[in-house]
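To start, the structure itself, in structure tokens.
No lab work stands behind these numbers, since they all come straight from the coordinates. All figures in this text were calculated on a predicted structure; none of them were measured in a lab. As a convention, Cβ positions derive from the backbone with ideal geometry for all residues, glycine included, and neighbour counts pool all protein chains shown.
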Amino acid sequence: MSNHTKGIIMISITALLWGILAIVLKYALQRFSGNTIIWFRFTFSFVLLAGYYLIHRPQYFEIFKTPPVLGIIAGLAVGGNYFGFTTGVALTSPSNTQILIQIAPLLVVVVGVFYFKESLTILQKSGFAIAAAGFVLFYRDQLHNLVISSQQYTLGNLWIIFGAVAWAIFAIFQKHLVRFWAPQQTNLLIYLVAAMIFSPLAVFHEFQGLTLSDCLTLIFLGANTLIAYGTLGEALKLIPANQVSAIIVVNPLITLFVAGILSSQNLPWLSSENITLPGYAGALLLLAGVGLVVKKA
């Protein structure tokens with residue numbers, strides 16, 4: 001198997017895991033509070049990662065001797081991203097959250113233009129225009145076909161945008177950190193910082209009386225962070241970054257597809273998405289625009 005094929009497989013795993021993440025979160029939120037879920041995901045990721053590197057690369061723990069300030073801020077930022085995303089899923093729907101969170105890579109490019117003085121190509125400018133048109137079309141469709149109050153939908157979207165901004169901050173700081181530290185080394189610090197933030201917010205008695213379904217759900221959510229970011233890192237080593245970005249952008253389509261199938265089953269924890277043709281068109285335009293922007297970023 002060629003490295004290119006391996007890279008495509010790795011990034012496809014990332015896209016699949018991120019594509020179903022919001023749906024599994026929606027299911028988990030009927031049993032656990034958002035803060036409890038977030039705490040568990042970061043703690044699970046840190047414990048497994050720390051256990052592995054304690055045996056195989058103990059030198060990675062040198063980052064804790066003098067933790068870089070940017071690493072601590074990145075931990076705060078990724079914690080904010082998880083909170084915004086999870087709250088968005090709780091207040092709106094998996095598909096809505098997964099589509100609107102795509103604002104995050106656009107924000108990274110915007111910061112690159114204004115802070116790093118990078119220039120936009122004509123294709124990227126076109127991508128921003130297409131993404132904006134798609135966002136407006138999708139948002140209007142959702143407002144006209146709500147199964148929740150407009151106030152709840154707007155609040156949920158504000159939290160999603162907050163999560164997108166937080167992720168952009170994390171991505172920018174992580175870009176600086178990997179110049180001096182190994183990616184998984186910084187992840188050790190980032191996961192620990194985020195876990196510590198949510199420790200006082202987690203509701204630990206929710207772990208009492210866990211069923212097999214509860215355990216499997218928590219394990220999936222915890223492993224999702226480790227595996228998705230792990231396969232993403234491997235993919236970046238094997239194939240060009242623009243190919244990685246192009247495949248990642250399709251993960252909301254996976255969410256739409258799976259949510260559409262599950263919604264038809266009248267599940268009590270997953271309300272109908274209620275997206276009409278203009279909404280789907282807007283979603284596709286938004287994703288296409290993001291794809292054009294990040295492909296050349």
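How many Å³ per residue does the convex hull of the Cα positions in the range 1-108 occupy? Can you show the working numbers first?
Details: hull volume 17.0 nm³, N = 108.
Each residue corresponds to 157 Å³ of Cα convex hull volume.
For the range 3-295, the equivalent ellipsoid derived from the Cα gyration tensor has semi-axes of 29, 25, 17 Å, listed largest first. Each Lys or Arg adds one and each Asp or Glu subtracts one; over the other residues with Cβ under 12 Å from the Cβ of LEU70, this totals +2.
Distant-in-sequence amide contacts of THR121, defined by a placed amide H-H separation under 5 Å and a gap of 5 or more residues or a different chain, comprise nothing.
The radius of gyration of the Cα set in the range 132-179, together with its Dmax, comes out at 15.1, 47 angstrom. Please list 3J(HN,Hα) in residue order for the range 17-34, calculated via the Karplus relation 6.51 cos²θ - 1.76 cosθ + 1.60 where θ = phi - 60°; whole Hz, with x for glycine and proline. Rounded to whole hertz, the list is 5, 5, x, 9, 4, 4, 5, 5, 4, 4, 5, 5, 5, 6, 10, 10, 6, x. Backbone phi angles across the range 195-203, fed through the Karplus curve with coefficients 6.51, -1.76 and 1.60 (θ = phi - 60°), yield HN-Hα couplings of 5, 5, 4, 8, 4, x, 9, 6, 9 Hz in residue order; Gly and Pro are listed as x. Its Cα gyration tensor gives the range 178-232 an equivalent ellipsoid; the semi-axes, largest first and in whole Å, are 27, 16, 5. Using every pair of distinct Cα positions in the range 188-265, the Kirkwood expression returns a hydrodynamic radius of 15.9 angstrom.
Applying a DSSP loop filter and a limit of 14 other Cβ atoms within 10 Å to the chymotrypsin sites (Phe, Trp or Tyr not before Pro) in the range 145-250 leaves PHE180.
Karplus-derived 3J(HN,Hα) values for the range 64-77, using 6.51 cos²θ - 1.76 cosθ + 1.60 with θ = phi - 60°, are 7, 5, 9, x, x, 4, 4, x, 5, 5, 4, x, 4, 5 Hz; glycine and proline are entered as x.
Viscosity 0.890 mPa s, temperature 25 °C: Stokes-Einstein D of the range 86-139 from its Kirkwood Cα radius, in µm² per second? Numbers along the way, then the final one.
Values: Rh = 12.5 Å.
Stokes-Einstein gives a translational diffusion coefficient of 196 µm²/s.
Note on CYS215 and SER271: their simple-model spin labels are 3.4 nm apart, each label 7 Å out from Cα toward Cβ.
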